[in-house]
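What follows draws every value from the coordinates through simple rules; no lab data is involved. Since the structure is predicted, the reported quantities are computational estimates derived from the model, not experimental observations. FYI the Cβ positions are ideal-geometry reconstructions off the backbone, even for glycines, and counts take in every protein chain you see.
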Amino acid sequence: MNFINFINYFSYLCKMKSHHCFSLAILLFVWISCQTRSSSNIEAHSTSEAKIVLPDFDADSAYHFVAKQVAFGPRVPGTRAHEQCANWLQQTISAYADEVVVQPFSARVWNGEIRHGKNIIALFSPEKKSRILLGAHWDSRPTADQDPDPNNWHKPVPGANDGASGVGVLLEVARQLSINRPNVGVDIIFFDLEDYGTPDFADVSFHRNQDTWALGAQHWAQNPHKFNYRANYGILLDMVGAANPRFAKEGFSMYFASDIVNKVWKTAQALGFGYAFVNERGGDILDDHYYVNTLARIPMINIIHHDRKTASRFFPQWHTIHDDLSIIDKNTLLIVGQTVLAQIYQE
Ligand code: AHN
Ligand code: ZN
């Protein structure tokens with residue numbers, strides 16, 4: 001029953017005799033409970049007295065943030081698209097956060113060259129001691145070395161799912177945080193230079209070193225934006241926008257923070273997303289969270305599309321030129337974003 005119907009019915013009843021007052025009271029009660037139930041807002045019970053309402057994640061808004069990044073072109077460090085996207089990210093998140101810190105750094109990449117990167121860090125309620133860290137990488141891979149056509153190996157990856165999806169979800173989380181404050185403080189980090197790792201075609205077996213990945217996260221973990229920075233735990237999002245997602249419980253996340261993984265997966269399952277947040281242990285994925293765990297010693301988990309059944313273990317277009325906007329599924333953005341929001345507003 002919508003509000004207009006109810007008012008019409010209410011005025012109809014008012015014209016009748018007073019013994020209808022009782023039925024009117026019942027009707028009012030039923031209508032209010034229907035409204036409460038039909039609302040998609042779910043009440044999250046916090047540890048303090050106050051009840052906090054869980055906001056609705058807006059997947060259209062998240063999709064728009066993904067599309068905007070992809071439209072710059074591949075955000076490969078050293079290119080104009082990379083520089084323009086950095087400025088846009090800083091500007092966009094500044095409208096939502098209490099404070100934004102941009103952390104420039106230089107790093108030596110797999111072939112010995114120097115690249116310049118920027119980690120972008122947004123602080124929400126920076127005065128709070130109890131904090132949750134959220135992260136995603138914003139750079140795109142310079143080499144589509146998993147493309148079936150070798151002619152594409154030296155082309156950049158559009159990075160719609162591998163990069164833009166996690167950032168798009170977190171920008172929408174940031175927008176929600178600006179409307180509705182949870183009990184905890186939140187820090188959102190957009191890591192740069194995650195995806196510059198040694199390409200498969202490179203003949204550099206002697207320095208095919210694991211540490212060529214996640215260069216921005218390595219820099220931040222050794223130089224956090226605040227002296228003595230601590231967070232209760234962290235959640236990294238990577239490849240969270242393709243259709244038919246499968247989020248196995250990633251190996252390093254289980255090794256360093258199994259309690260957080262299980263808590264977040266239970267939250268997702270309670271929201272009805274157990275078809276993607278499966279109770280299955282995945283392999284170890286070297287990603288930004290690995291260095292947050294090992295260097296900064298903050299427990300951080302990775303929500304990553306990770307499927308033992310595909311050849312790459314990731315989504316089918318991973319590190320190909322086909323990781324473009326056409327593979328982004330709003331429902332995947334929704335289930336990840338709503339899970340992250342539910343977790344934050346429960347703390
Ligand atoms: C490796 O394949 C070594 N790491 C996967 C991490 C990654 C790449 N995330 C996005 N692109
Ligand atoms: Zn990648």
(message) Given points 7 Å out from each Cα along the Cα-Cβ axis, report the ASP203 to ILE114 separation in nanometres with one decimal.
(response) 2.9
(request) Can you tell me the FRET efficiency between TRP88 and ASN151 if r is taken as the Cβ-Cβ distance and R0 is 30 Å, rounded to the nearest 0.05? (result) 0.45
(request) Using a cut-off of 15 Å between beta-carbons, work out the net charge of the residues near ASN262 (Lys and Arg +1, Asp and Glu -1, ASN262 not included). (result) +1
(request) With θ set to phi - 60°, apply the Karplus curve 6.51 cos²θ - 1.76 cosθ + 1.60 along segment 327-333 and write out the HN-Hα couplings as whole Hz, x wherever there is a Gly or Pro. (result) 9, 7, 10, 4, 5, 5, 4
(request) Count the lysine pairs in segment 219-345 whose Cα atoms sit under 28 Å apart, keeping only pairs 8 or more residues apart in sequence or on different chains. (result) 10
(request) Could you check the simple spin-label distance between LEU271 and ASN223, using points 7 Å along Cα→Cβ, in nm with one decimal? (result) 3.5
(request) Compute the separation of the alpha-carbon centres of segment 210-263 and segment 57-132 and state it in Å as a whole number. (result) 16
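Using the Cα gyration tensor of segment 209-347, with a ≥ b ≥ c the square roots of its eigenvalues, what is the shape: rounded (a/c below 1.5), prolate (a/b larger than b/c) or oblate (neither)?
oblate
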(message) From the phi angles alone, apply the Karplus equation (6.51, -1.76, 1.60; θ = phi - 60°) to segment 243-257 and give each ³J(HN,Hα) in whole Hz, x where the residue is Gly or Pro.
(response) 5, 6, x, 9, 9, 6, 6, 5, x, 5, 4, 5, 5, 8, 8
(request) Could you check the simple spin-label distance between ASN262 and LYS128, using points 7 Å along Cα→Cβ, in nm with one decimal? (result) 2.5
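Taking Rh as the Kirkwood radius computed over C-alpha pairs, what is the Stokes-Einstein D of segment 292-347 at 37 °C in a medium of viscosity 0.692 mPa s, expressed in µm² per second?
On the way: Rh = 13.9 Å.
Taking Rh from Cα pairs, D becomes 236 µm²/s.
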